[in-house]
Protein chains: 4
Amino acid sequence: MAEQIAFLGLGNMGVAMATNLLRAGHSLSVYNRTTSKADSLKALGATVAATPAEAAQDASIVFTMVTDDAALDTITTGPDGLLSGLAPGAVHVSCSTVAPDTNRRLAAAHQQRGSVLVAMPVFGKPDAAEASKLWLATAGPTGAKEKLHPFLDPLGQGVYDFGEDPGAANLVKLCGNFMLGAAIEAMAEAYTLAQKSGLERQQVHEFFSNTLFNCPVYKNYGQLIASQHYQPVGAEPRIIRKDLKLVLHEAQEQIVPMPFATIIFDQLSATVARGRDNIDWAGFAQLAADNAGLGQQG
Amino acid sequence: MAEQIAFLGLGNMGVAMATNLLRAGHSLSVYNRTTSKADSLKALGATVAATPAEAAQDASIVFTMVTDDAALDTITTGPDGLLSGLAPGAVHVSCSTVAPDTNRRLAAAHQQRGSVLVAMPVFGKPDAAEASKLWLATAGPTGAKEKLHPFLDPLGQGVYDFGEDPGAANLVKLCGNFMLGAAIEAMAEAYTLAQKSGLERQQVHEFFSNTLFNCPVYKNYGQLIASQHYQPVGAEPRIIRKDLKLVLHEAQEQIVPMPFATIIFDQLSATVARGRDNIDWAGFAQLAADNAGLGQQG
Amino acid sequence: MAEQIAFLGLGNMGVAMATNLLRAGHSLSVYNRTTSKADSLKALGATVAATPAEAAQDASIVFTMVTDDAALDTITTGPDGLLSGLAPGAVHVSCSTVAPDTNRRLAAAHQQRGSVLVAMPVFGKPDAAEASKLWLATAGPTGAKEKLHPFLDPLGQGVYDFGEDPGAANLVKLCGNFMLGAAIEAMAEAYTLAQKSGLERQQVHEFFSNTLFNCPVYKNYGQLIASQHYQPVGAEPRIIRKDLKLVLHEAQEQIVPMPFATIIFDQLSATVARGRDNIDWAGFAQLAADNAGLGQQG
Amino acid sequence: MAEQIAFLGLGNMGVAMATNLLRAGHSLSVYNRTTSKADSLKALGATVAATPAEAAQDASIVFTMVTDDAALDTITTGPDGLLSGLAPGAVHVSCSTVAPDTNRRLAAAHQQRGSVLVAMPVFGKPDAAEASKLWLATAGPTGAKEKLHPFLDPLGQGVYDFGEDPGAANLVKLCGNFMLGAAIEAMAEAYTLAQKSGLERQQVHEFFSNTLFNCPVYKNYGQLIASQHYQPVGAEPRIIRKDLKLVLHEAQEQIVPMPFATIIFDQLSATVARGRDNIDWAGFAQLAADNAGLGQQG
């Protein structure tokens, strides 16, 4: 008989992941602040809970996928938070992009109550989540991770483990978003130089993403940058600006100068300050064109 | 019967390319300032010429692969340069990483004498050249490029064309070296932050180069950065510093602010100024570690 | 008859300021965590208190001058903090370099108890404090500032007011430390370029600090940079790194990209990470010379 | 009896300097490509020459003050250039902001003909030139500089000498323009942060330019930045962008990473690329406000 699983936080990513768990035959209770987001899951057989605690109470594994550190704190340790409902020995799988210290702190809170936290940030856009093609990074107690493993197939195409420190996987997640930002800025500068030198952005993009930089990151983000059309919106600039802020916070704490990271953060800040939302975060690439005197295309 | 080809400039890249042309059955005359570099080619049947003009005189296609703009100028328009020996209608295939304007200027010189220049910078390290796995970018008159095509199979795994402006392909080459530099700096910062946060550089590298950044550039350069061991030397820091200088020159002329490019150039400059040679140019990544208080690994 | 004044926090700056208040004839009770720092003031007639609350209890005006936000919190709202001893209507003059929000928060705590906070960060090194030559910036309720004014002559050469928001003066203080850092980096780069071009650092420094940049900041910091001898220590790199961190925090909150501020912070971080303490914070200028391949002067 | 002096190049700076020489009683022949610029000087008694050579032929001292390196080359060594008219032993005082190597090269050309070049870049805006308040920096052969000295009183308020290398004074001039740019960017960032934090730009400017940064550079440029009104135009952005390009060129040649200089250059480039002319070059400060989402003030 299938174990009971809970899934809390039903944004684009959460819904896609929960759907795949349901389709894999798992029994699921779900929770979201805005209940309507749970409708499609209910139709697939999920139980909709009124509070995080209620969703968690019979579950041996509880996934959370929320917007930021504050939301994760609330859903975990707030009134009717999952922590108050969780059975001893149950595992909280914390998937959100948060500060390493947030998961470390929550892991300690779990330990006091006999439950366990495993950090498992995920890499990929909503379409990758739908296709079970996320990359998963785990960190936390070994026993809990082993318990978790049988449930990961419906979510991702691979799991990489980063040891027992529950902050480690999130540090890797932050590095990943930084490295994506660096690839975006690099393409933004290169394609702008190429355009002003008389070349087609698109042609240069096709060359690089089929040769030296033949990987999905360059292909997908590069297409947005080449076309200067930053749709659909995977994540808005203000969302990833928050992630880069976490990167810079870690860099400050660890005393690591990161000149590229500060430039990406500044570009995202300028994008947000200029009121550019409703575009994918890769739209900060437009500043390279602006600063070269090129307007947005068509 | 095979047409006569000439190959001028026999560094690591040139020797590998010329060898592959010979092995493909082409008749080759070669030239290098230091004659000993031609020995292995002579053993394979190449004719060794005493001057560029002599090497070029019976050739319908002349490849050049030299260090920099000055060397290309000398071998082309200097005394006994290839231009003075070249037959009308012959094609000069200019493969070196030089300023776009250098190839534009030489193309005009060719035109006055009835010969033609095709710019064809190549992407890849010496081992890719040996394996006929270079990526080739061409620019120049259409007729000449068609004439050239049958000879490219032994050299590369693919050809991309950038039109008639003989400067265009070199602009793309410069963008490529810039984008490589950006990937290197991004990994340098990320791996350093990870290390100071208690993770293994190697483990983080394996994760990224097998997932989001699953392409040779991140795999190969990333391995040097993860191990902090910048060997073997593909190109020394001073060589690629020259290329980034050309990037910044184009950016100045076209009025394109490129903050990432200036940081890479500054890191390469600091590497050269601190006397760090005999390492691959990716060794500028070490500055990120230095500035975080991490010494070089044993 | 003189009103009772208290002075809490007796580092180099605090002792100099308290001494000048005593010499001006004011009656002073003082407190410092390490009591020995109060010896010279006791000899001049100050009463040494055992706790902040004791020092504050009969005072109408209480100055604090401590290292950072945490120390200010402790001395104000901690056990036996000044807030618990302060009479209604008394004024807390908060002189430390802290985040604007810290003073805003403490001002609200005062208001609940009937006392008042005036922020008054000071500009100048210890020698300026000794000479009553500080520049004073005030922010807070008008009435309290008027009450304070008669006591400022022994401290500074001028007072500038920034309104009622108790965070405003600290924001100006942070801007000031940032602008000092910018002047230092500018001189560091310029003198290094001049030196490598064959000029004497000292001669270039004398020219600029006597002509275009004829003001104490350029004269004094410039002398350290020209001589590459960063003594005496006004404030260590880690101290001002903390201030720049506050600058960047404000810039993040207000969404203001500050490329110069991030460079200064990164240089200070690299200085701290490389273990360079026991030098004045202007010693981050040495990195410009290092990165140009110039060692430190004999 | 007064010696014959020539003044070539009658822009705002040149006219002001030539006028002061005339008023001091010197006999002056003048030249400008656009002759009408000489009208006011003719009215004061100057002889207007048709070519540089004609202006120079009876002069013992010839000042040049032109826009850039190319203009200086033309007026000196071009057809009917001053070099062809100059008497042996005469002194060419080269005042323009040009590359150090340009003056070195021209100095060598003079030496071959028996005349001498002294580099004497000047520091100050047109109003300082009118008021005889420029700062003068000299470099070149000692004897020639001694011959020049009696004529400098009408021009400036002080002379600093940088030795015999004719490139040295221009290097100092370039450092000066860089340091001005750094002060401008520092104020731009600080005033923008202050504004978004609820302070008045003007009030913050008055504080700093009367206390820590009490010197004309901060007062004058700071006023433009505080008011966000970049008039009158001392020099357009494209003019000083050219100077920063020379700074970066020197930094490249000497291998000196200059992160501040690259940022200033990039800001000037973005200003030019966005088509912002008819403002003083300090108007690049507006980008800090733009990037923080603040529009230009009414």
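The values are calculated or read from the model by the stated rules, or taken from the named source; none is laboratory data. Note that the structure is predicted; figures quoted are calculated from it, not measured. In this analysis, Cβ positions are derived from the backbone assuming ideal geometry, glycine residues included, and neighbour counts consider all displayed protein chains. Surface areas here come from the heavy atoms of the whole protein model, side chains and all, with no ligands, DNA or RNA. Shrake-Rupley method; radii C 1.70, N 1.55, O 1.52, S 1.80 Å.
Out of segment A:140-169, which residues are more than 26 Å from B:Asn214 (Cβ to Cβ), in contact (Cβ under 8 Å) with a residue 60 or more places away in the chain and assigned to a helix (DSSP H, G or I)? Matches in segment A:140-169: A:Lys147 only.
Which of the residues that make up segment C:237-263 are charged (D, E, K, R), touching a residue at least 24 places away in the same chain (Cβ under 8 Å) and within 11 Å of another protein chain (Cβ to nearest Cβ)?
Kept after step one, since they are charged (D, E, K, R), are these residues of segment C:237-263: C:238, C:241-243, C:245, C:250, C:253.
Still in the running and touching a residue at least 24 places away in the same chain (Cβ under 8 Å): C:238, C:241-243, C:250.
C:Arg238, C:Arg241, C:Lys242, C:Glu250 - these are the residues of segment C:237-263 that are charged (D, E, K, R), touching a residue at least 24 places away in the same chain (Cβ under 8 Å) and within 11 Å of another protein chain (Cβ to nearest Cβ).
In summary, C:Pro126 fulfils each of the numbered conditions (1) open to solvent by 40 Å² or more (accessible area, probe 1.4 Å); (2) modelled with pLDDT under 95 with the single exception of condition (1).
For (1) acidic (Asp, Glu); (2) facing chain A (nearest Cβ under 7 Å); (3) not in a helix (DSSP H, G or I), each residue gets a yes or a no:
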site: B:Leu171; (1), (2), (3): no, yes, no
site: B:Ala186; (1), (2), (3): no, yes, no
site: B:Glu189; (1), (2), (3): yes, yes, no
site: B:Thr192; (1), (2), (3): no, yes, no
site: B:Glu206; (1), (2), (3): yes, no, no
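Look at A:Asp73 and say whether it is of a type in the set (Asp, Glu), out of contact with any helix residue (DSSP H, G or I) (no Cβ under 8 Å at 6 or more places or on another chain) and either outside any strand (DSSP E or B) or surrounded by fewer than 24 Cβ atoms within 10 Å (Cβ to Cβ) (or both). So A:Asp73 does not fit the description; no.
Condition check: open to solvent by less than 20 Å² (accessible area, probe 1.4 Å), more than 18 Å from the chain's Cα centre (by Cα) and under 23 Å from C:Pro100 (Cβ atoms). Does C:Phe265 satisfy that?
On the way: open to solvent by less than 20 Å² (accessible area, probe 1.4 Å): yes; more than 18 Å from the chain's Cα centre (by Cα): no; under 23 Å from C:Pro100 (Cβ atoms): yes.
When the stated conditions are applied, C:Phe265 does not pass them.
Being in contact (Cβ under 8 Å) with a residue 60 or more places away in the chain and either farther than 29 Å from D:Lys245 by Cβ or within 14 Å of chain C (Cβ to nearest Cβ) (or both) is the filter here; which residues of segment D:103-132 pass it? Answer for segment D:103-132, where residues must be in contact (Cβ under 8 Å) with a residue 60 or more places away in the chain and either farther than 29 Å from D:Lys245 by Cβ or within 14 Å of chain C (Cβ to nearest Cβ) (or both): D:Asn103, D:Arg104, D:Val122, D:Lys125, D:Ser132.
Search segment D:269-283 for residues being part of a helix (DSSP H, G or I) and within 11 Å of chain A (Cβ to nearest Cβ), and hand back the single one that is most open to solvent (accessible area, probe 1.4 Å). Steps first, answer last, please.
Within segment D:269-283, the first condition is being part of a helix (DSSP H, G or I), and the residues that meet it are D:269-273, D:281-283.
Cutting the leftovers down to within 11 Å of chain A (Cβ to nearest Cβ) gives us D:269-273.
Values: D:Ser269: 2, D:Ala270: 2, D:Thr271: 0, D:Val272: 41, D:Ala273: 25 Å².
Only one residue fits best here, namely D:Val272.
May I ask you to verify whether D:Pro257 is open to solvent by less than 30 Å² (accessible area, probe 1.4 Å) and in a loop (DSSP other than H, G, I, E, B)?
So D:Pro257 fits the description; yes.
What do you reckon, is A:Val62 under 13 Å from the mean Cα position of the chain (by Cα), more than 14 Å from chain B (Cβ to nearest Cβ) and open to solvent by less than 30 Å² (accessible area, probe 1.4 Å)? No: the conditions fail for A:Val62.
Quick one: which residue in B:Glu146, B:Glu185, B:Glu130 is of a type in the set (D, E, K, R) and outside the structural domain of B:Ala53 (by TED's automatic domain parsing)?
Numbers: B:Glu146 fails: outside the structural domain of B:Ala53 (by TED's automatic domain parsing); B:Glu130 fails: outside the structural domain of B:Ala53 (by TED's automatic domain parsing).
Being of a type in the set (D, E, K, R) and outside the structural domain of B:Ala53 (by TED's automatic domain parsing) holds for just one of B:Glu146, B:Glu185, B:Glu130, which is B:Glu185.
One line per residue, one yes/no per condition, for (1) on the phi < 0 side of the Ramachandran plot; (2) at pLDDT 95 or above:
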{"residue": "C:Tyr221", "(1), (2)": "yes, yes"}
{"residue": "C:Ser227", "(1), (2)": "yes, yes"}
{"residue": "C:Val247", "(1), (2)": "yes, yes"}
{"residue": "C:Glu250", "(1), (2)": "yes, yes"}
{"residue": "C:Ile255", "(1), (2)": "no, yes"}
{"residue": "C:Ile264", "(1), (2)": "yes, yes"}
{"residue": "C:Leu268", "(1), (2)": "yes, yes"}
{"residue": "C:Asn278", "(1), (2)": "no, no"}
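When residues in segment D:77-105 are screened for being assigned to a helix (DSSP H, G or I) and closer than 24 Å to D:Leu134 by Cα, 5 of them pass. In this structure, is C:Ala137 within 14 Å of the chain's Cα centre (by Cα) and open to solvent by 10 Å² or more (accessible area, probe 1.4 Å)? Criteria not met by C:Ala137.
Yes or no: C:Ala46 more than 27 Å from C:Asp101 (Cβ to Cβ) and either open to solvent by less than 30 Å² (accessible area, probe 1.4 Å) or in contact with a helix residue (DSSP H, G or I) (Cβ under 8 Å, 6 or more places away or on another chain) (or both)? Before the answer, list the steps.
Working: more than 27 Å from C:Asp101 (Cβ to Cβ): yes; either open to solvent by less than 30 Å² (accessible area, probe 1.4 Å) or in contact with a helix residue (DSSP H, G or I) (Cβ under 8 Å, 6 or more places away or on another chain) (or both): yes.
Against the criterion (more than 27 Å from C:Asp101 (Cβ to Cβ) and either open to solvent by less than 30 Å² (accessible area, probe 1.4 Å) or in contact with a helix residue (DSSP H, G or I) (Cβ under 8 Å, 6 or more places away or on another chain) (or both)), C:Ala46 qualifies.
Select from segment C:229-245 the residues that are among the aliphatic types (A, V, I, L, M) and either in contact with a Leu (Cβ under 7 Å, 6 or more places away or on another chain) or on the phi > 0 side of the Ramachandran plot (or both) and list them in ascending order.
Filtering segment C:229-245 down to residues among the aliphatic types (A, V, I, L, M) leaves C:233, C:235, C:239-240, C:244.
Once the filter is applied, which keeps residues that are among the aliphatic types (A, V, I, L, M) and either in contact with a Leu (Cβ under 7 Å, 6 or more places away or on another chain) or on the phi > 0 side of the Ramachandran plot (or both), segment C:229-245 yields C:Ile240, C:Leu244.
Conditions tested, residue by residue: (1) under 19 Å from A:Gly89 (Cα atoms); (2) touching a Leu at 6+ places or on another chain (Cβ under 8 Å); (3) open to solvent by 50 Å² or more (accessible area, probe 1.4 Å).
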| residue | (1), (2), (3) |
| --- | --- |
| A:Leu8 | yes, yes, no |
| A:Ala24 | no, no, yes |
| A:Val30 | no, yes, no |
| A:Lys37 | no, yes, yes |
| A:Lys42 | no, no, yes |
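Quick check on my filter: what residues within segment D:153-163 are more than 8 Å from chain C (Cβ to nearest Cβ) and either in contact with a helix residue (DSSP H, G or I) (Cβ under 7 Å, 6 or more places away or on another chain) or surrounded by 19 or more Cβ atoms within 10 Å (Cβ to Cβ) (or both)? Correct list: D:Pro154, D:Leu155, D:Gly156, D:Asp161. Residues considered: B:Gly234, B:Gly198, B:Gly176, B:Gly222. Of these, the only one that is at the interface with chain A (Cβ under 10 Å from one of its Cβ atoms) and surrounded by 19 or more Cβ atoms within 10 Å (Cβ to Cβ) is B:Gly176.
One line per residue, one yes/no per condition, for (1) crowded, with 19+ Cβ neighbours inside 10 Å; (2) among the hydrophobic types (A, V, I, L, M, F, W, C); (3) over 17 Å from D:Leu10 (Cβ atoms); (4) at pLDDT below 95:
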position: D:Ser84; (1), (2), (3), (4): no, no, yes, yes
position: D:Gly89; (1), (2), (3), (4): no, no, yes, yes
position: D:His92; (1), (2), (3), (4): yes, no, no, no
position: D:Val98; (1), (2), (3), (4): yes, yes, yes, no
position: D:Asp101; (1), (2), (3), (4): no, no, yes, no
position: D:Ala108; (1), (2), (3), (4): no, yes, yes, no
position: D:Gln111; (1), (2), (3), (4): no, no, yes, no
position: D:Pro121; (1), (2), (3), (4): yes, no, yes, no
position: D:Ala131; (1), (2), (3), (4): no, yes, yes, no
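Scanning segment A:208-219 for residues that are crowded, with 17+ Cβ neighbours inside 10 Å and facing chain B (nearest Cβ under 8 Å) returns A:Phe208, A:Thr211, A:Leu212, A:Phe213, A:Cys215, A:Pro216, A:Val217, A:Tyr218.
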